[in-house]
Amino acid sequence: MKIAIVTDSTAYLPKDVRERLGIRMIPLSVIFGDETYREEIDMTADEFFVKIKQSPKLPTTSQPSVGEFVDLFTAIREEGYDAVISIHLSSGISGTYQGAVTAGTMVDGLRVYAYDSEISCMAQGFYAIEAAEMAKAGKMPEEILARLDEMKRTLRAYFMVDDLSHLQRGGRLTGAQAFIGGLLQIKPLLRFENKVIVPFEKIRTRKKAVQRIEELFDEDADKGVPLKAAIIHANQPDEASRWRDELAARYPHVEFSISYFGPVIATHVGEGALGLTWYQP
Ligand code: MYR
């Protein structure tokens, strides 16, 4: 059976990785006034961070239309594929996954399996890479989906933002009432729970937030089992490299990479956001 793997742009998988593994990417968009940019196609992360400083209005974001999904799935079918596994950012923060589900019912002759990663960014990328490797190895859709569910059990992601107002403004922060009042002073550690972003712990400084993420990472990394991990940053490449070097020196059995919050996710988390995700391969 010929299986195609699709993910959306918020996995921020480098083009060479996508090309090597044959992963198709459907973009979300960032909107400045009446200008719409498909991220990773019309606008890179670097361009976004320049543009946002010059723009009088804050950007908004939008998911791919159902029509765009139908076009992509139809093209995949025309290439002779029997099935597609379409892996997306959490359905609790975007309608993208639902768009894939709806489009799947509209394309005949192709089995469409939409998969809710319940997360985003490189954590979602890990799912897409694993699925693509399995598809290349000739695995069936059911085996791939079962493996993705198994990955969910070991996958962790914690992140912090410099300014919580972006997440609040976009309505993507759940359960933060306890923090209201002290919002500007704290750097809460955030994570996904039941598909939405929730504050995990109240922390006062960026340094302490990084230390706390390291403690949480250590609980898994200390067991000595191989892990794959990614540092994710919003325009903080030097801080990300330094952190990767420190962690890599301490944990030789962990494969680290550096990824980024691109335009769509950075619209909601703001410049300066930093996170760590990992799972057991
Ligand atoms: C849309 O317009 O449909 C996109 C909405 C994206 C919301 C993003 C919220 C922040 C996600 C942070 C992910 C951190 C992963 C480690």
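Values in this text are rule-based calculations from the coordinates and carry no lab data. All values reported here derive from a predicted model rather than from experimental measurement. Here Cβ is always computed from backbone atoms with ideal geometry, including for glycine, and neighbour counts include all displayed protein chains.
Just the ratio, please: alpha-carbon radius of gyration of the chain over 2.2 N^0.38 Å, N its number of residues.
Compared with the compact-globule rule of thumb, the chain sits at 0.99.
How big, on average over all directions, is the shadow cast by the Cα convex hull of region 72-210, in nm²?
Directional mean of the projected Cα hull area for region 72-210 stands at 9.7 nm².
As a test, work out the antiparallel percent of DSSP beta bridges whose residues both lie in the chain, rounded to the nearest 5.
For the chain, the DSSP antiparallel bridge percentage is about 50.
Give the residue from Met25, Ser120, Gly175 lying farthest towards the positive end of the charge dipole for the chain; charges sit on Cβ (+1 for Lys and Arg, -1 for Asp and Glu) and the dipole is referred to the Cα centre.
Of the candidates, Gly175 comes out farthest on the positive side.
Might you report the magnitude of the Cβ-based charge dipole of the chain about its Cα centre, with Lys and Arg at +1 and Asp and Glu at -1, to the nearest 20 debye?
In total the dipole reaches around 660 debye.
At what distance in nm do the modelled label points of Asp71 and Ser241 sit from each other, each positioned 7 Å from its Cα along Cα→Cβ?
Taking the two extended label points, one gets 3.8 nm.
Which one of Ile3, Val70, Tyr158 has its Cα pushed farthest toward the positive end of the charge dipole of the chain, where Lys and Arg give +1 and Asp and Glu give -1 at the Cβ?
Tyr158
Each label point is 7 Å from the Cα along the Cα-to-Cβ direction; what then is the distance between the points at Glu193 and Asp149, in nm?
Modelled inter-label distance: 2.4 nm.
Where does the charge balance sit around Trp278 when Lys and Arg score +1, Asp and Glu -1, over other residues with C-beta under 10 Å from its C-beta?
0
Could you list which residues have their amide H under 5 Å from that of Ser86, counting only those 5 or more apart in sequence or on another chain, with H placed in the peptide plane?
Under 5 Å from the amide H of Ser86: Val6, Tyr113, Ala114, Tyr115.
Using a simple charge model, +1 on the beta-carbon of Lys and Arg, -1 on the beta-carbon of Asp and Glu, nothing else, what dipole does region 1-123 show about its Cα centre, in debye to the nearest 20?
160 debye
With Cβ to Cβ distances under 14 Å as the rule, what net charge do the other residues near Thr102 carry (K, R +1; D, E -1)?
Within the 14 Å Cβ shell, the charges total -3.
Over region 155-279, what is the percentage of antiparallel beta bridges among all DSSP beta bridges, to the nearest 5?
Bridges in region 155-279 are about 70 percent antiparallel.
Give the average over all directions of the projected area of the C-alpha convex hull of region 155-279, one decimal, in nm².
Average of the hull's projected areas for region 155-279 equals 7.2 nm².
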